[in-house]
1. For region 16-32, which positions are β-branched (Val, Ile, Thr) and not in a helix (DSSP H, G or I)?
2. Among the listed residues Leu84, Leu33, Leu59, Leu72, which satisfies the condition of being at pLDDT 95 or above and more than 15 Å from Leu148 (Cα to Cα)?
3. Looking at the structure I just gave you, is Arg165 touching a residue at least 40 places away in the same chain (Cβ under 8 Å), of a type in the set (Lys, Arg), more than 23 Å from Ala38 (Cα to Cα) and assigned to a loop (DSSP other than H, G, I, E, B)?
4. Among the candidates Trp104, Trp41, single out the residue that is assigned to a helix (DSSP H, G or I) and either surrounded by 13 or more Cβ atoms within 10 Å (Cβ to Cβ) or among the hydroxyl-bearing types (Ser, Thr, Tyr) (or both).
5. Restricting attention to region 48-97, which residues are in contact with a helix residue (DSSP H, G or I) (Cβ under 6 Å, 6 or more places away or on another chain) and on the phi > 0 side of the Ramachandran plot?
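The values are calculated or read from the model by the stated rules, or taken from the named source; none is laboratory data. Small disclaimer: the values here were computed from a predicted structure and weren't measured. Here the Cβ is made from the backbone with ideal geometry for all residues, glycine too, and neighbour counts use every protein chain on show.
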Amino acid sequence: MAKRWDKIKEGWGRNDFPALLVENWKNMNNKELAIAIADSWTMPEWPARTLEPKYWVTLFNMVLNDDGTGYLTDNGTILSTSSLPENLTLYRGCYSEFARGMSWTSSLERAKWFASRMGGNGNVYTETFPRECVIGKFDGRNEEEYVLDCTMFGEDDVQLLERIRE
């Protein structure tokens, strides 16, 4: 019998969600798994540091359309990639060692906030990505977040836009 994600995560802290997801993914149907992935990505701090990006990409792809034309949303719904613009100019605020990350935003202001939130000296990166790179889009925290399959682009594909100094 399939387990419900809301029961699995009960009593655990939000930063525990990725570990709970890895431990329980086989015990959930696709609907519950999609909800668990969305929750495990959006709730903890730095989910891509908890699990390597290649594992996140695998998890997202487990629930996306078989033909690779979908992306995951906040509530675990899968939407068609065709609903996105063909190309998206996105931004990422982070330290230089994390420039090729999975989490990007369409808001330059939000990227600047991320670049400076841990005491400054972060950078803002930008790039225009094809919509096929998008595996998740989360708007629930007002971050205008796009989760990208970072195996589809390299370090050289990411352009430094601005250095943030406090």
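1. Those that are β-branched (Val, Ile, Thr) and not in a helix (DSSP H, G or I): none in region 16-32.
2. Leu33
3. So Arg165 passes the test.
4. After ruling out the rest, the residue left standing is Trp41.
5. Correct list: Gly76 only.
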